[in-house]
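The values are calculated or read from the model by the stated rules, or taken from the named source; none is laboratory data. None of the values given here were measured: they were computed from a predicted structure. Methodologically, a virtual Cβ is constructed for each residue, glycine included, from the backbone with ideal geometry; neighbour enumeration extends over all protein chains shown.
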Amino acid sequence: MVDPALLNPTAATRWTNLGWWDDSLSATPSHATRYPDAARALATHVGEAARLRPGDVVVDMACGYGDSLALWVTAFGAARVVGVEPNPVVAGAVRARIAAWGLADRITVVPATAETFDLAAHAPDATAVVCVDAAYHFHSRAAWLRAIARAAAPGTRLGFSDLAVTDEATRSLTAAEGVTPRGLRWSAARADIPTENLWGHDVIADAMANAGYTSITVIEAGGPILDGFQAVARRSRGVWLRRPRTGGWHALATAWLLGRVRPGLTMVCIGARVR
């Protein structure tokens, strides 16, 4: 696991997503030091995909160290936010940060996984569900999507960033290769990504519709996310190699795995509504 201190140059932020690296961030020579800006940008794109607006009650799945929780309140005007974090130690750290921000009356954290979180019990009035850069790690993304669609009120908005197999890689498959391009299965296993979560870019809209969603949008983001993070890794490899205890080697291994299978993978931002 990567320690947020590896990626965030100050203690003020503790982001751990891959980041959204637009041209202005990529052009700066101090690429790695701009990581918090890129991480915030990715979360912002997810919030926009979910069409967040003032007054929303937002559920944030796999919220990590909580920076996104504050973002939904301060940048999007959410009235209440429920963070879902499977690691109880991290959940405790997030609660302390929320108290320090003075937002304990608007943000709560539930220690649960995507599979065990009870939406009806903890956020029956949810108007939006978001997930920044974690859905591909769920035990089953498909099961999570169906569970949200069943439990949430019609019209509840969903926004998440996710990995997808490129159309080109999907078309190149043979019957013997199953559902994933050659090499992706091996790489996915080492990155704790269930094989069934490697869905094709071209089937996302239909899969979402079949799971109970409408108003589906899929935004291609492989360049700004995957290529951007690999650029960070190249520029930061000297520092990361010297910091194995904070996850430097893990971050470099992630970048290496992405590079190994990059022609077959892309990243997408998905928005939808519960039907």
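Return yes when residue 65 is crowded, with 18+ Cβ neighbours inside 10 Å, touching a residue at least 12 places away in the same chain (Cβ under 8 Å), under 21 Å from residue 8 (Cα atoms) and aromatic (Phe, Trp, Tyr) and no when it is not. Let's see the steps before the verdict.
On the way: crowded, with 18+ Cβ neighbours inside 10 Å: yes; touching a residue at least 12 places away in the same chain (Cβ under 8 Å): yes; under 21 Å from residue 8 (Cα atoms): yes; aromatic (Phe, Trp, Tyr): yes.
Yes: the conditions hold for residue 65.
Sort through 60, 125 and tell me the only one that's part of a strand (DSSP E or B) and modelled with pLDDT of 95 or more.
Values: 125 fails: part of a strand (DSSP E or B).
The conditions single out 60.
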Check: residue 210 versus (1) part of a helix (DSSP H, G or I); (2) more than 19 Å from residue 36 (Cα to Cα); (3) under 19 Å from the mean Cα position of the chain (by Cα): which is the lone unmet condition?
Finding: (3)
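Here is a list: 215, 236, 187. Which entry is over 21 Å from residue 167 (Cβ atoms), out of contact with any Phe, Trp or Tyr (no Cβ under 6 Å at 6 or more places or on another chain) and crowded, with 16+ Cβ neighbours inside 10 Å?
When all the criteria are applied, what remains is 236.
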Margin query: Looking only at segment 21-57, filter to residues that are in a loop (DSSP other than H, G, I, E, B), modelled with pLDDT of 95 or more and out of contact with any strand residue (DSSP E or B) (no Cβ under 7 Å at 6 or more places or on another chain); which one of those is surrounded by the most Cβ atoms within 10 Å (Cβ to Cβ)?
Written below: 53
Next item on the list: Quick one: count up the residues across segment 161-192 that are out of contact with any strand residue (DSSP E or B) (no Cβ under 6 Å at 6 or more places or on another chain), among the hydroxyl-bearing types (Ser, Thr, Tyr), at pLDDT 55 or above and farther than 18 Å from residue 225 by Cβ.
Entry: 1
Next item on the list: State whether the residues of segment 220-239 include one that is more than 20 Å from residue 37 (Cα to Cα) and basic (Lys, Arg).
Entry: no
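Kindly indicate the residue of segment 191-201 that is touching a residue at least 60 places away in the same chain (Cβ under 8 Å) and under 18 Å from residue 137 (Cβ atoms) and also surrounded by the most Cβ atoms within 10 Å (Cβ to Cβ) among those meeting that condition. Lay out the reasoning, then the answer.
We begin by selecting, within segment 191-201, every residue touching a residue at least 60 places away in the same chain (Cβ under 8 Å); these are 191, 197-198, 201.
Then keep just the ones that are under 18 Å from residue 137 (Cβ atoms); that gives 191, 197-198.
Details: 191: 15, 197: 19, 198: 24.
Checking each candidate, the answer is 198.
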Margin query: Consider segment 65-74. How many of its residues are over 16 Å from residue 160 (Cβ atoms), touching a helix residue (DSSP H, G or I) at 6+ places or on another chain (Cβ under 7 Å) and hydrophobic (A, V, I, L, M, F, W, C)?
Written below: 1
Next item on the list: Please work out which residue is farthest from residue 120 (Cα to Cα), limiting yourself to segment 76-93 and to residues that are of a type in the set (A, V, I, L, M, F, W, C) and in contact with a helix residue (DSSP H, G or I) (Cβ under 7 Å, 6 or more places away or on another chain).
Entry: 76
Margin query: If I filter segment 131-150 for residues that are more than 16 Å from residue 273 (Cα to Cα) and touching a His at 6+ places or on another chain (Cβ under 7 Å), do I get at least one hit?
Written below: no
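Regarding residue 84, is this residue of a type in the set (A, V, I, L, M, F, W, C) and either in contact with a Leu (Cβ under 7 Å, 6 or more places away or on another chain) or modelled with pLDDT under 95 (or both)? Steps first, answer last, please.
On the way: of a type in the set (A, V, I, L, M, F, W, C): yes; either in contact with a Leu (Cβ under 7 Å, 6 or more places away or on another chain) or modelled with pLDDT under 95 (or both): no.
No.
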Note to self: Residue pairs, Cβ under 6 Å, 6 or more apart or interchain, first in segment 202-226 and without any contact (Cβ under 8 Å) to a residue 60 or more places away in the chain, second buried (at least 21 other Cβ atoms within 10 Å of the Cβ) and outside any strand (DSSP E or B). List them.
What the structure shows: 216/208
Next item on the list: Might you check whether a residue that is part of a helix (DSSP H, G or I), surrounded by fewer than 14 Cβ atoms within 10 Å (Cβ to Cβ), among the small types (Gly, Ala, Ser) and out of contact with any His (no Cβ under 8 Å at 6 or more places or on another chain) occurs anywhere in segment 98-113?
Entry: yes
Check: Can you tell me how many residues in segment 209-241 are over 19 Å from residue 45 (Cα atoms), aliphatic (A, V, I, L, M) and at pLDDT 95 or above?
Finding: 3
